[in-house]
Amino acid sequence: MRRDLGLVVCLNPKVGSTSFRSILVDGLKSHQMPPMRSKLWPMNETRRYMTASLRDYIHAFRNPDQYQFHCFVRNPFSRAISAWNDKLVKGHHEGWPRSMVKLMPVIREFARTKGLQGSNPDEVVSFDTFFHFVESLPEGQRNQHWDTQTSVLHADVIQYDHVHKIESGFSIGVCEILGALGMDVDWAREAAGKPRNSSGKKDTSVLNDEIADRMIRLYKQDFANFGYDEQSWRDL
């Protein structure tokens, strides 16, 4: 967020947010640009470069007409599968990320009480069990990696000027944003084209008509707000 430039980028988990942060920090450092003007110390390097003062955030949301708001979005089917694959499947085999340490016992207990697969600590939680768990929680109270993007991005409140689809517009969005910061656009384009933070191959075989219908109902606003085809799961 840059008050001096009238620029706000709202990040969206499982939609290139880690890659964007990495590219941004690399760009600021390579172009010898200072961290954001935050007085919140100490904090890790990425946060120092990305965090503005609370006063600036308040100003942006009180005066949205003075800013250009950007966000990145993703096909709701792909995003949910990526979250399951990265946090539950990959986490089971390679170690739970910090965000899942306390949540996994909750998911396994949910599976046990509902008679679903995944209650045993030795087994991977299936996508069906995972999505039953997602459905059991109200919008806005789910983990942000699989809550609706409409909720995560506050899209019912924020009028976004630029919505970048990660499937086709990630590099374009990165170039627009970093260019506005004064970085070399060719550098930004090259950086955005390099693979970063891959969650591995996504198992789209977990989808079928029944699960897809449930996902369409839960992510109804995302399909409508961000222009994704409700039947696109068939071509993933």
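Consider D147 carefully, then state whether it is within 20 Å of the chain's Cα centre (by Cα), modelled with pLDDT under 95 and among the charged types (D, E, K, R).
In short, no.
Just to be sure I understand, how many residues within the range 61-113 are at pLDDT below 95, more than 18 Å from D147 (Cβ to Cβ) and under 14 Å from the mean Cα position of the chain (by Cα)?
Counting residues in the range 61-113 that are at pLDDT below 95, more than 18 Å from D147 (Cβ to Cβ) and under 14 Å from the mean Cα position of the chain (by Cα) gives 0.
Kindly provide the set of residues from the range 195-232 that are modelled with pLDDT of 95 or more, surrounded by 16 or more Cβ atoms within 10 Å (Cβ to Cβ) and under 19 Å from the mean Cα position of the chain (by Cα), ordered by number.
Matches in the range 195-232: M215, I216, L218, Y219, Q221, D222, F223, N225, F226, Y228.
Hey, any hits in the range 57-68 for a residue that's under 29 Å from D209 (Cβ atoms), touching a Gly at 6+ places or on another chain (Cβ under 6 Å) and either assigned to a helix (DSSP H, G or I) or not polar (S, T, N, Q) (or both)?
So far as the range 57-68 goes, no, none of its residues is under 29 Å from D209 (Cβ atoms), touching a Gly at 6+ places or on another chain (Cβ under 6 Å) and either assigned to a helix (DSSP H, G or I) or not polar (S, T, N, Q) (or both).
What do you reckon, is Y219 under 20 Å from P13 (Cα atoms), touching a His at 6+ places or on another chain (Cβ under 9 Å), in contact (Cβ under 8 Å) with a residue 40 or more places away in the chain and not aliphatic (A, V, I, L, M)?
Values: under 20 Å from P13 (Cα atoms): yes; touching a His at 6+ places or on another chain (Cβ under 9 Å): no; in contact (Cβ under 8 Å) with a residue 40 or more places away in the chain: yes; not aliphatic (A, V, I, L, M): yes.
Criteria not met by Y219.
For the range 220-229, name all the residues that are out of contact with any Asp or Glu (no Cβ under 9 Å at 6 or more places or on another chain) and within 19 Å of F131 (Cβ to Cβ).
D222, the sole residue that qualifies.
Does at least one position in the range 114-124 carry a residue that is crowded, with 17+ Cβ neighbours inside 10 Å and within 21 Å of the chain's Cα centre (by Cα)?
Among the residues of the range 114-124, not one is crowded, with 17+ Cβ neighbours inside 10 Å and within 21 Å of the chain's Cα centre (by Cα), which makes the answer no.
If you take the residues of the range 170-194 that are surrounded by fewer than 16 Cβ atoms within 10 Å (Cβ to Cβ) and under 19 Å from the mean Cα position of the chain (by Cα), which of them is modelled with the highest pLDDT?
The selected residue is I172.
The values are calculated or read from the model by the stated rules, or taken from the named source; none is laboratory data. As the structure is a prediction and not an experimental result, all values here were calculated from the model. Every residue, glycine as well, gets a Cβ built from its backbone with ideal geometry; the counts of neighbours run over all protein chains shown.
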